[in-house]
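Nothing in this text is a laboratory measurement; each read-out follows from the coordinates by a stated rule. Only a predicted model underlies this, so the values are computations on that prediction, with no experimental measurement involved. Cβ atoms come from the backbone with ideal geometry, glycine included; neighbour counts cover every protein chain shown.
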Amino acid sequence: MSAERYDLSQLQRSLEIAHALSAQDAEDVVSEAMLIVLLKWGTERLANAHLVRSVAHNVALNLVRRRARRREVPLDSEDDARLEGSPIPIDPASAEALLRTCCRAAGIESTEDIRLLKLALLDGWSYTELSEILGASEEALRQRVSRLRRRVRDAYLNR
């Protein structure tokens, strides 16, 4: 057991150096690598130091790549105050007008569809409540709202 622990600590130190990871991150990477090996290949392959080392380096590379893709968004003090407090009040009439404009841009002309989006998105009704009111199943309403939202999003992206 002490030989395994020594190999793991040596692996952690090599990950810290090779990938510029903190000690905690290197420990997490080794733990995740051991778990991956255990789940994919079973306990008999945990003793294969080369396999564990290869998996650990791949996990470390993925961690470094994820961190490189992350974008930091600086917040000024006004944004901080807004985030800590209550949500920004929005006039319901202007929100509904914006929804109608988006629906027009997306080619959604059915008053039932616009009403469904308004109830689900603006008024905050749950799919359970909507299914009782409209007489449709929750899953059908969830799919319908999802498709309508996708049409609005696509229209916005393709403008």
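For region 145-156, backbone phi angles converted through the Karplus equation (6.51, -1.76, 1.60; θ = phi - 60°) give residue-by-residue couplings of 5, 4, 5, 5, 5, 5, 5, 5, 5, 5, 5, 5 Hz, Gly and Pro being listed as x.
Each principal axis of the Cα cloud of region 12-76 was taken in turn, and the coordinate range along them, longest first, works out to 53, 22, 15 Å. Sorting 26-34, 139-147 by their mean Cβ neighbour count within 10 Å, with the most densely packed peptide first, gives 26-34, 139-147.
Ranked by the mean number of other Cβ atoms within 10 Å of their residues, highest first, the peptides 35-45, 123-133 come out as 123-133, 35-45.
Distance from the C-alpha centroid of region 22-39 to that of region 102-148: 44 Å, rounded to the whole angstrom.
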